[in-house]
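Submitted below is the structure of interest, expressed as structure tokens.
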2 protein chains.
Amino acid sequence: MYKPGDVRVEQRPDPMIVEPTDAIIRLSATCVCGSDLWPYRGVEKLDGPRPMGHEYAGIVEEVGSEVRTVRPGQFVVGSFFASDNTCEICQSGYQTHCVHRQGAAPDGAQAERARIALADGTLVATPEAPSDDLVPSLLAASDVLGTGWFAAIAAEVGPGKTVAVVGDGAVGLLGVLAAKELGAERIIAMSRHADRQKLASEFGATDIVTERGDEGVARIKDLTGGLGAHSTIEAVGTQEAMMQAIHSTRAGGHVGYVGVNHDVSLPGDQLFFSGVHLHGGPAPVRRFLPDLIGRILRRDIDPGRVFDQTLPLEEAAEGYRAMDERRAIKVLLQP
Amino acid sequence: MYKPGDVRVEQRPDPMIVEPTDAIIRLSATCVCGSDLWPYRGVEKLDGPRPMGHEYAGIVEEVGSEVRTVRPGQFVVGSFFASDNTCEICQSGYQTHCVHRQGAAPDGAQAERARIALADGTLVATPEAPSDDLVPSLLAASDVLGTGWFAAIAAEVGPGKTVAVVGDGAVGLLGVLAAKELGAERIIAMSRHADRQKLASEFGATDIVTERGDEGVARIKDLTGGLGAHSTIEAVGTQEAMMQAIHSTRAGGHVGYVGVNHDVSLPGDQLFFSGVHLHGGPAPVRRFLPDLIGRILRRDIDPGRVFDQTLPLEEAAEGYRAMDERRAIKVLLQP
């Protein structure tokens, strides 16, 4: 990405092993993330051209001398954050805050090949090469599914609970799927787009609310005997969405927020008197990967359905446009 | 309180039963709360003269026709919020957000008598009249102990954990006591007042940090291998204290905040990338009262030690001054 709205596909040098803990993978599939739209729309500042992409699944081609748990030829999925998975913070399940974290794991995964840092801690290999039709779902596990799943865990979704989901992008939709898998009794998706409402319902939403802001909160209260949801997933990252999530939740309930916060400022008094639990941030996808990969390989879940458009990698720019203009929920790119 | 800095003790009509769910109690002791200092200092606006006080313990004198669980002659402690203790929100442990809540339970408890709303849900009677030396601790249970306890619960304090406590007022000090009782391995009290440091240590603090703000955070990091505390109790309510608490906590850790937020605005991006859990608000003291009363009657804990000054009720104005000027941690008033 050269500047907002300007995405180009160029020949770059093949990535190389730099650290002995690196791996090089050949991508089977990659995609455009909702968070890639922040710089695309100029909301997040770019310091010059940036290789894009942090979601990936593919075949290991080469590993550094210290890599022990993955080997060339294996199919792997990795978290978008590199982590050693052994430090105290990783062991507590917060691999996104690994004491050896190095930012995004791949240095531009919207590519044919990518270097993955801390390969042992970051990558999870499948028992055998998955069939092609499972690749989109495995790709989704690397970020968007793992993020929706973390939001549901952070919101303490569980049996008997009513869950509200703010945001109908791919993460919000997979938050619906996660809530369903985690046993929620009722799942209220907040969406005003017919295609997304349909997918939300297929993923397990029991109710659709089209209102936003205060009106959206009022609808959630109406649907929950005036109390609010037990658990609310926030998957947008704006001021309105955060406040909508907080006020849609009953006292003692849980808000799981994973929309990357931009220009958000939470009024302390409103938060204080809401009595909710608030937890979120960049999702420690690595914590959930073995479980999620298992669910996908057993065909219990089909998160790859969020990819409603597939393009060759060369047409990445069109993929960004389609997502920016909401013509696509999420675009898969084939290298 | 007539206006900031102007507290007067006046003859007012005796409180009467208004609702059939009311009780009238004769106060054995009452006190000045840290939150009473907000209007005293002019930070919180007063709409004309206000009867003050919401912490109480005493003898039931009269009950309304629908009151079933307490009777005249019993010694009772109550939460500072009235709650029915039967609604869905109360049953989930958030009595401060009872669907029938009516604000503060007593209408001015810095008095000889007070009317307590929703007496059945709000009051807890002791098995027999307690000995006089236990009254200060039982009074503390009605708010300041219950609030410090809730902060520790909200911060998920437990065995093996390192706990940081921001704020050395009575609530923060009783947060230290709660952390000790709940099995914390290490308790770091942040305080720069010798008398409060001493009491913190006696309540169970293992370390004292005198720095504040970013320097305070750096000291907590130093003491925790660079990671931050597992659990942080925030008992002030200012912007600095909230940010100090959030940044003193490791990713995946828990901040329990009970300082009434005034002019606090939490930057969404800092909260997002901190990866902490945030929970707090007005403490549902009622949830903890039976347990806390038991601990006090068994003399396991002595929270009444936060009262380092006792005055007759007529000298309430001096009590406010002493707390405002930090000459006293907390002032007990004897009606």
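The values are calculated or read from the model by the stated rules, or taken from the named source; none is laboratory data. Keep in mind that what you see is a predicted model, and the values were worked out from it rather than measured. With ideal geometry, Cβ positions are generated from the backbone for all residues, glycine too; neighbour counts draw on all protein chains shown. The accessibility values were calculated without ligands, DNA or RNA, using every heavy atom of the protein model including side chains. Shrake-Rupley method; radii C 1.70, N 1.55, O 1.52, S 1.80 Å.
Scanning segment A:287-298 for residues that are open to solvent by 40 Å² or more (accessible area, probe 1.4 Å) and without any contact (Cβ under 8 Å) to a residue 40 or more places away in the chain, which turns out farthest from A:Gly175 (Cα to Cα)?
The residue in question is A:Arg298.
For residues that are among the aliphatic types (A, V, I, L, M) and in a loop (DSSP other than H, G, I, E, B), tally how many sit in segment B:216-258.
Adding up the residues that qualify gives 4.
Here is a further query. Would you mind finding the one in B:Ser248, B:Ser201, B:Ser231, B:Ser274 that is within 30 Å of B:Asp133 (Cβ to Cβ) and among the hydroxyl-bearing types (Ser, Thr, Tyr)? Let's see the steps before the verdict.
Numbers: B:Ser248 fails: within 30 Å of B:Asp133 (Cβ to Cβ); B:Ser231 fails: within 30 Å of B:Asp133 (Cβ to Cβ); B:Ser274 fails: within 30 Å of B:Asp133 (Cβ to Cβ).
The unique qualifying residue is B:Ser201.
Scan segment A:73-81 and give yes if some residue there is of a type outside the set (Gly, Ala, Ser) and more than 29 Å from A:Met323 (Cβ to Cβ), otherwise no.
For segment A:73-81, residues of a type outside the set (Gly, Ala, Ser) and more than 29 Å from A:Met323 (Cβ to Cβ): present.
Looking only at residues in segment A:264-286 that are without any contact (Cβ under 8 Å) to a residue 40 or more places away in the chain, outside any strand (DSSP E or B) and open to solvent by 20 Å² or more (accessible area, probe 1.4 Å), which one is farthest from the other protein chains (Cβ to nearest Cβ)?
A:Gln270
Out of all the residues in segment B:111-131, is one or more under 30 Å from B:Arg212 (Cα atoms), part of a strand (DSSP E or B) and either touching a Ser or Thr at 6+ places or on another chain (Cβ under 6 Å) or open to solvent by 10 Å² or more (accessible area, probe 1.4 Å) (or both)?
No, because not a single residue in segment B:111-131 is under 30 Å from B:Arg212 (Cα atoms), part of a strand (DSSP E or B) and either touching a Ser or Thr at 6+ places or on another chain (Cβ under 6 Å) or open to solvent by 10 Å² or more (accessible area, probe 1.4 Å) (or both).
Residues being open to solvent by 10 Å² or more (accessible area, probe 1.4 Å) and either closer than 20 Å to A:Lys3 by Cα or small (Gly, Ala, Ser) (or both): count how many of those fall in segment A:312-325.
Final tally of qualifying residues: 9.
Residues A:Ala152, A:Ala105: which one is at pLDDT below 95 and among the small types (Gly, Ala, Ser)?
One residue alone meets the criteria, A:Ala105.
Table: residues versus (1) more than 27 Å from B:Phe272 (Cα to Cα); (2) in contact with a Gly (Cβ under 6 Å, 6 or more places away or on another chain); (3) not small (Gly, Ala, Ser).
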{"position": "B:Ala179", "(1), (2), (3)": "no, no, no"}
{"position": "B:Asp195", "(1), (2), (3)": "yes, no, yes"}
{"position": "B:Gly204", "(1), (2), (3)": "yes, no, no"}
{"position": "B:Asp207", "(1), (2), (3)": "yes, no, yes"}
{"position": "B:Ala235", "(1), (2), (3)": "no, yes, no"}
{"position": "B:Gln239", "(1), (2), (3)": "no, no, yes"}
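Please specify each residue of segment A:311-331 satisfying the condition of being in contact (Cβ under 8 Å) with a residue 60 or more places away in the chain and within 18 Å of A:Ser137 (Cβ to Cβ).
A:Ile329, A:Lys330, A:Val331
Look at A:Asp195 and say whether it is more than 9 Å from chain B (Cβ to nearest Cβ), under 23 Å from A:Ile301 (Cβ atoms) and surrounded by fewer than 21 Cβ atoms within 10 Å (Cβ to Cβ).
Numbers: more than 9 Å from chain B (Cβ to nearest Cβ): yes; under 23 Å from A:Ile301 (Cβ atoms): yes; surrounded by fewer than 21 Cβ atoms within 10 Å (Cβ to Cβ): yes.
It is true that A:Asp195 is more than 9 Å from chain B (Cβ to nearest Cβ), under 23 Å from A:Ile301 (Cβ atoms) and surrounded by fewer than 21 Cβ atoms within 10 Å (Cβ to Cβ).
Let me ask another. So B:Lys330 fits all but one of (1) within 11 Å of chain A (Cβ to nearest Cβ); (2) surrounded by 24 or more Cβ atoms within 10 Å (Cβ to Cβ); (3) at pLDDT 95 or above; what number is the exception?
Just one mismatch for B:Lys330, condition (1).
I need the full set of residues from segment B:207-248 which are open to solvent by 10 Å² or more (accessible area, probe 1.4 Å), within 14 Å of chain A (Cβ to nearest Cβ) and of a type in the set (Val, Ile, Thr), in order please.
B:Thr224, B:Val236, B:Thr238
Could you figure out which of (1) touching an Asp or Glu at 6+ places or on another chain (Cβ under 7 Å); (2) at pLDDT below 95 isn't true of A:Leu311?
Of the numbered conditions (1) touching an Asp or Glu at 6+ places or on another chain (Cβ under 7 Å); (2) at pLDDT below 95, the odd one out for A:Leu311 is (2).
Something else about it: Tell me, yes or no, whether segment B:156-172 has at least one residue that is assigned to a helix (DSSP H, G or I), over 20 Å from B:Arg286 (Cβ atoms) and open to solvent by less than 10 Å² (accessible area, probe 1.4 Å).
Here is the first cut: in segment B:156-172, the residues assigned to a helix (DSSP H, G or I) are B:170-172.
Retained after the next criterion (residues that are over 20 Å from B:Arg286 (Cβ atoms)): B:172.
Going one step further and asking which of them are open to solvent by less than 10 Å² (accessible area, probe 1.4 Å), we end up with B:172.
Yes, segment B:156-172 has at least one match.
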